[in-house]
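Q: I have a structure I would like to understand better, so I am pasting it below and will then ask my questions one at a time.
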Amino acid sequence: MVHDNQVPDSLKRELTDLTRAIDEVVCHFKKTQYPFEDSNEKVPEATHQLENITRQTEEATHRVLDMVEEITGGISDVVQDLKVLRKALPATYFKNRSKVRDTFERIVEKVEKSQDNAFAIMDALQFQDITAQQMGHTAHLLDEVEAKLRLIKSMFSDQNQNEQDSDSQHQSFDPNARYDLSNENQVRVDNLLESVKQGRTD
Amino acid sequence: MADLKILAVDDSPTMRRIIINTLKRAGFHDVTEATDGKDALAKLKVDRYNFVITDWNMPEMDGLTFVTNVRSSAEFSSLPILMVTTRSVKDDILQAMRAGVNNYIVKPFTPDTLKQKIEQTILNAS
């Protein structure tokens, strides 16, 4: 048996330093475990929020589409009624009524312009599909982060990881989806298609 | 051309609605929708279509797999297929052409582009 007074001082110092170092590592361990736990809970919450955003913007988009369809349907009816009215009037009706004729033509022009604007709103709503894909991509990336966090946590824990895998049934997505209104992409695609048809591909 | 019977395939309910409305404005009124490639294949087996518009990124069966499946059948070897998708990188487009897509539109699209591409596809197919 080694008595205390037989242990060299240098060894005592080494053991003390080692014990202190191990205590520090354990302390850091405990400090990092909390953020891991926290992140592990917050990541699914963030994913769930993204899915909520997609669902809610889709619902709102459909409400707008409902209104646009109602507006364009109503405008089509007005255009038809104007045509019927025009035909019902005698051919010479506008001959000495230039003001009436001009007003009639202005009404037709404004009505058609309103219909074009309503259709433009509908066309712009394509943004919802594109942003949904972008959020699907982000949710997928968060899933990957969550999986890595779980893996790291399992390395520190002596318990088996019985947590379920996160729900990976997200929106199908193109990771490069962009809402780009310029025609550049389509022009580039058309040029490539033309090259393919002519047997030229780089 | 107005009597085309079109199958429109997209997993996004928003896009299906926009595509159908745009087609109606262009004079194409006989349009059936499908939610993904699997649903579209099932519909192709039941009814006769003479034009298909399909997205690429879809669950169950994506657009590329759908097109490959369609082209593998002699019955649909010359069925005109227009792909409408956000994918615009060169390799994707070449992959789609190799799978049998006849024409290609990048989202977001204009109504004029959709009408023009349908007409162009029909013209090239005839």
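Q: Condition test on B:G63, is it small (G, A, S) and surrounded by 22 or more Cβ atoms within 10 Å (Cβ to Cβ)?
A: The answer is yes for B:G63.
Q: Just wondering, is there one or more residues in the stretch A:79-95 that are within 14 Å of chain B (Cβ to nearest Cβ) and out of contact with any strand residue (DSSP E or B) (no Cβ under 7 Å at 6 or more places or on another chain)?
A: yes
Q: When the residues of the stretch B:12-50 are narrowed to those that are closer than 21 Å to B:T113 by Cα and among the acidic types (D, E), which ends up surrounded by the fewest Cβ atoms within 10 Å (Cβ to Cβ)?
A: For the stretch B:12-50, the residue satisfying everything is B:D30.
Q: For the stretch A:11-23, check the following and say yes or no: at least one residue is surrounded by 12 or more Cβ atoms within 10 Å (Cβ to Cβ) and assigned to a helix (DSSP H, G or I).
A: no
Q: Something else: What is the one condition in (1) in contact (Cβ under 8 Å) with a residue 24 or more places away in the chain; (2) out of contact with any Leu (no Cβ under 8 Å at 6 or more places or on another chain); (3) outside any loop (DSSP other than H, G, I, E, B) that B:V70 does not satisfy?
A: (2)
Q: Please indicate, with yes or no, whether at least one residue in the stretch A:119-131 is in a helix (DSSP H, G or I), within 19 Å of A:G74 (Cβ to Cβ) and of a type in the set (G, A, S).
A: Yes: the stretch A:119-131 contains one or more residues that are in a helix (DSSP H, G or I), within 19 Å of A:G74 (Cβ to Cβ) and of a type in the set (G, A, S).
Q: Moving on. Which residue pairs have Cβ atoms under 7 Å apart, sit 6 or more places apart or on different chains, and have a first residue in the stretch A:102-118 that is in contact (Cβ under 8 Å) with a residue 40 or more places away in the chain and a second that is surrounded by 14 or more Cβ atoms within 10 Å (Cβ to Cβ)?
A: If the second residue must be surrounded by 14 or more Cβ atoms within 10 Å (Cβ to Cβ), the pairs left are A:S114/A:I75; A:Q115/A:T72; A:Q115/A:I75; A:A118/A:V68; A:A118/A:I71; A:A118/A:T72; A:A118/A:I75.
Q: Using the structure shown, decide if B:V52 is of a type in the set (V, I, T), more than 7 Å from every other protein chain (Cβ to nearest Cβ), under 30 Å from A:Q56 (Cβ atoms) and in a strand (DSSP E or B).
A: Answer is no for this residue.
Q: Select from the stretch A:147-202 the residues that are among the acidic types (D, E) and either at pLDDT 80 or above or not in a loop (DSSP other than H, G, I, E, B) (or both) and list them in ascending order.
A: A:D174, A:D180, A:E184, A:D190, A:E194
Q: Report yes if some residue within the stretch A:126-139 is of a type outside the set (S, T, N, Q) and over 30 Å from B:K24 (Cβ atoms); otherwise report no.
A: yes
Q: Looking at (1) surrounded by 14 or more Cβ atoms within 10 Å (Cβ to Cβ); (2) at pLDDT below 95; (3) of a type in the set (S, T, N, Q), which is the only condition B:T54 fails?
A: Checking B:T54 against (1) surrounded by 14 or more Cβ atoms within 10 Å (Cβ to Cβ); (2) at pLDDT below 95; (3) of a type in the set (S, T, N, Q), the one that fails is (2).
Q: Right, A:E41: of a type outside the set (V, I, T), within 23 Å of the chain's Cα centre (by Cα) and within 14 Å of chain B (Cβ to nearest Cβ) or not?
A: No; evaluated as a whole, the condition is false for this residue.
Q: Now for a different question. Kindly evaluate B:L64 against the criterion of being at the interface with chain A (Cβ under 10 Å from one of its Cβ atoms), assigned to a helix (DSSP H, G or I) and not polar (S, T, N, Q).
A: no
Q: Scanning the stretch A:170-201 for residues that are free of Cβ contacts under 8 Å to residues at least 40 places away in the same chain and among the basic types (K, R), which turns out nearest to the other protein chains (Cβ to nearest Cβ)?
A: Top of the filtered list is A:R188.
Q: If I ask for residues that are in contact with an Asp or Glu (Cβ under 6 Å, 6 or more places away or on another chain), in a loop (DSSP other than H, G, I, E, B) and under 17 Å from B:I105 (Cβ atoms), which ones from the stretch B:12-36 would you list?
A: The answer is B:S12, and nothing else.
Q: I'd like to verify a number: residues in the stretch B:75-126 that are over 14 Å from the mean Cα position of the chain (by Cα), part of a helix (DSSP H, G or I) and away from chain A (no Cβ under 11 Å), how many?
A: Total meeting the criteria: 4.
The values are calculated or read from the model by the stated rules, or taken from the named source; none is laboratory data. Predicted model only: the values in this text are computed from it and were never measured. Glycine gets a Cβ as well: all are built from the backbone with ideal geometry, and neighbour counts include every protein chain shown.
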